[in-house]
Amino acid sequence: MGRGRVELKRIENKINRQVTFAKRRNGLLKKAYELSVLCDAEVALIIFSNKGKLYEFCSSSSMLKTLERYKKCNYGAPEINVSAREALVTTKTRAFRPAATYHSPRHRRRLLTERNTTHRETMATRKGGRKNVIAITGVAAFLAVAVKLAIDAINSKRNDLKKKKKGPRGSNVRVNLSASDILKLADRVIANSKAVYNAVASVPLDKVTYTNVILPLEELEAYQFPLVQSCIFPKFVSTSEDVRKASAEAERRIDAHVLACSRREDVYRVVKAFAAKGEWSNLESKRYAQFMVRDFERNGMNLTLTKREELQRLRAQIDELSMQYIQNLNDDNSFLLFDHSELVGLPLEFLKSLDKSENNKYKISLRSHHVSALLDLCKVGPTRRVVAGAYGRRCEANLPILEKLVQLRHKSARLLGYTNYADFVTDRRMSMSSSKVFEFLEEISASLNDLATRELTLLKDIKKKEEGETPFGIEDLPYYIKKAEEAQFDLDFEVVKQYFPLSLVQSGIFKVCQDLFGLRFEKVSDAEVWHTDVELYSVFDLNSTDLVGHFYLDMYSREGKYGHTCVVPLQNGSVTNGSRQIPVALLVTQIKKEVDDDPVLLRFSEVLKLFHEFGHVVHYMCNRASHAKFSGLRLDSDFVEIPAQVLENWCYEASSMKLISGFHQDITKPLSDDVCKSLKRWRCSFSALKLKQEILYCLFDQIINSTENVDIIGLFKHLHPKVMLGLPMLEGTNPASSFPSSAIGCEAACYSHIWSQVFAADIYASKFSDDIFNQHTGMQFRNKVLAPGGSKEPIELLSDFLGREPSVQAFVDSKAQPLNNSSSFR
């Protein structure tokens, strides 16, 4: 559109003239129809020749009056000046119509076809009864389009267009809801859920069936989840503070309702009565019913009323203490003062960013971003020791809080029939029990002892050369690890960044996933989104071309947006009423958008995060579980990170790195082989010592949550030298006072990160390392590991894919690679 008036020269050959006219007419009809739908406008099109009107089209009956204005003058004038020959396309803004009068695109096309067919028959009769309107033209068709048509329509109705754009096919997710719409939708969701739960609760226990008990709850979960997420996800991404507040309030209301549903004894009795009958339509439905019973009973529904009330009281106290622990950390504003001479080694830019005291000393906050920078870079050993000690003594008031938390957790677990709280947590995870977690952590720790000892010896030698005969302390680890890495690896990450333009990395990730998992990614143009930076992609199966799902990419940082990288489930895949509901997800990242059209360049750590999170997207898209409860990322917490951890390996292989890298001024120049090799070796440098530190905290977490009356201060003093090869804990410190994972979120489950790394390493080494683009292996992984979702036990999925039970050996071997390949470690 927008080309202005166009005059076409006569085509002498009659057949060619007919074909040309048909093509141009169809092109104009397509444009007219697009304007009708996309611009929410009423469109009329008339085509004239020097013998009169050849063709007319209108998108609605109300446009017929507009056409009448041209009929009299054109039909009554056999001779028309060339300048007066015109094709007119006129629009009239269409008033809002209620949903009852809305016609689907398919119905619109049928109506338009009927109108156009009727008009052609009328024209044929008027011109002597000939049915072929093209054959009677006799002269060339002159076509034109009004220049301002689309621009005026779009500008005048921009806001309405945004609201009326359709979401992707198969998606029930609603974007761009107003603050009031969010709260109204949340209330409707809650009301509908209550109605379904009430209906299930009313089923007599002797008449329970799959159809009147399980099916309504299944369908409710599948149908309501995208509506719930429509209320909740705006708090992560909306630019409107009112919308974010409404979203947070909606989440509070929905969470309270979900908690109330989990405590409905009447529904629990009905569900358990059905489960006891053992009448399953299939194994996945059996698992679904069993999980429902389990979840009710983990909330105390099988307890007496007195014990149930005690459980609720204990959990309320636990929640309150957990929040107090975190609040104490957030409120801590401790800092230390240092002279410039005590901060040698810190970059000038960092020093300039620091506040100063009245006596011109630098303020080092005891926040992680200041402490990490100082421990990594400061050359002054006493300064590192002072800062590490102060950091380890923060929030001493949290020690009695943690002790009380642990006591209450054990009480709540015993009420539910568990020996301790750790067994309660692990009972529904791959690990199955606290004792198995201990075995796992101790096996990994012991297998790393030799490597960690050699790493520590190297660091002690470096410190001796720099500082003389001074003891090596735990506070020295970050500084000397960084110093050793700089000497061992020729890596400048600012230079590496120049090879990772976002557009190339993104297309490279798509290519890797296409080749491995048989997926095709197609950008959706003109999609309804909540910000102009957001993109929508549809995912198709490469072989069948079936639609697999959709995902949104919200990549750039902005005010009010969630500050971390994550995947937000929006609609879980499932089968309802015999048809599949496709998954819809949102990938949120915090990439800084450049100005002046400069390319957006990613740090290597950002590339790694993007690969990891896209692993979750692929897992989400490929999950083919029938029940929404087992779909998406609603999986065993020990298992859900494994596929994403597997995909991280493609960030360290030269062939895949060259696919996603290219110098931003000449993308035909990828990272060199030497840089790729250095990155792969750097990945595991000093990994044994780093893992030992993580294992230390995992063991502490597991012990306090599996053993009663533990001396928390004494426990860390005992564990520290045992795990860290004799390195003692700094005097006067106790990391338990500033270990938030032990208070909320990961209590009794801190081991899970290492757990997923171990299984991911086994999968990659056994199946992918020899041929990272082997689609047969990739499709096996998709079908055997990703597709079942939570419908089967994770260990069953992994064993089926590997052909054996998983092992820790590949993980241990991978950590030793830098040592085996570097003479500086021999």
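We did not get these values from a lab; they are worked out from the coordinates using the rules stated. All values reported here derive from a predicted model rather than from experimental measurement. So basically every Cβ, Gly included, is an ideal-geometry build from the backbone, and we count neighbours across all protein chains shown.
Neighbours of Leu725 by Cβ distance under 12 Å: Lys/Arg scored +1, Asp/Glu scored -1, total +2. Note: relative contact order over segment 179-303, using C-alpha pairs below 8 Å and six or more positions apart, is 32 percent. Simple spin-label estimate for Glu469 and Asp800 gives 6.4 nm between the two label positions (7 Å along the Cα-to-Cβ direction from each Cα).
A simple rule links phi to the HN-Hα coupling: the Karplus curve 6.51 cos²θ - 1.76 cosθ + 1.60 with θ = phi - 60°, which for segment 452-465 gives 5, 5, 5, 5, 5, 4, 4, 5, 5, 5, 5, 5, 4, 5 Hz, with x for Gly and Pro. Among 355-363, 176-184, 332-340, the peptide with the highest mean count of other Cβ atoms within 10 Å heads the list, and the full ranking is 176-184, 332-340, 355-363. Of Lys483/Lys677; Lys464/Lys692; Lys286/Lys784; Lys792/Lys815; Lys463/Lys497; Lys722/Lys784, which pairs sit farther than 29 Å apart, going by alpha carbon to alpha carbon? Among Lys483/Lys677; Lys464/Lys692; Lys286/Lys784; Lys792/Lys815; Lys463/Lys497; Lys722/Lys784, the Cα-Cα distance tops 29 Å for Lys792/Lys815; Lys463/Lys497; Lys722/Lys784. Between rounded, prolate and oblate, where does segment 311-431 land on the alpha carbon gyration tensor, with a ≥ b ≥ c its root eigenvalues, rounded for a/c under 1.5, else prolate if a/b exceeds b/c? Here segment 311-431 falls in the prolate category. Sorting the segments 489-495, 471-477, 553-559 by their mean number of nearby beta carbons within 10 angstrom, highest to lowest, gives 471-477, 553-559, 489-495.
Taking the Cα centre of each part, how many Å lie between segment 500-516 and segment 180-248? That distance is 36 Å. Take the Cβ-Cβ distance between Thr457 and Lys379 as r, set R0 to 22 Å, and report the resulting FRET efficiency rounded to the nearest 0.05. It comes out at approximately 0.55. Cβ-Cβ distance of Val258 and Asn359, R₀ of 45 Å, FRET efficiency by 1/(1 + (r/R0)^6): the value works out to about 0.25. Here segment 741-774 is scanned for amide nitrogen atoms under 12 Å from the site 7 Å beyond the Cα of Gln809 along Cα-to-Cβ, giving 766.
Stretching Asp596 away from Arg294 to a fully extended chain increases their span by 103.1 nm, per 0.36 nm per residue minus the current alpha-carbon distance. How many angstrom lie between the C-alpha centres of segment 349-427 and segment 274-337? Answer, in whole Å: 27. Candidate cross-link partners of Lys361 among the aspartates and glutamates, defined by an alpha-carbon separation under 15 Å and a same-chain spacing of 8 or more, comprise Asp339, Glu342. Model label sites at Thr565 and Asp427, defined 7 Å from Cα along the beta-carbon direction, differ in position by 3.7 nm.
Charging the Cβ of each Asp and Glu at -1 and of each Lys and Arg at +1, and nothing else, the dipole of segment 393-523 about its Cα centre rounds to 780 debye.
Computed from the C-beta positions of Asp266 and Asn577, the FRET efficiency with R₀ = 35 Å rounds to 0.85. Between Phe350 and Glu793, the simple label model (points 7 Å from Cα in the Cβ direction) yields a spacing of 4.9 nm.
Residues within the reach of a label modelled at Leu337 (point 7 angstrom out along Cα to beta-carbon, backbone nitrogen below 17 Å), restricted to segment 362-389, are 362-366, 387.
Between Glu731 and Asn212, the contour length at 0.36 nm per residue exceeds the Cα-Cα span by 180.5 nm.
The length gained by stretching the chain between Thr545 and Leu329 to full extension, at 0.36 nm per residue less their Cα-Cα distance, is 72.6 nm.
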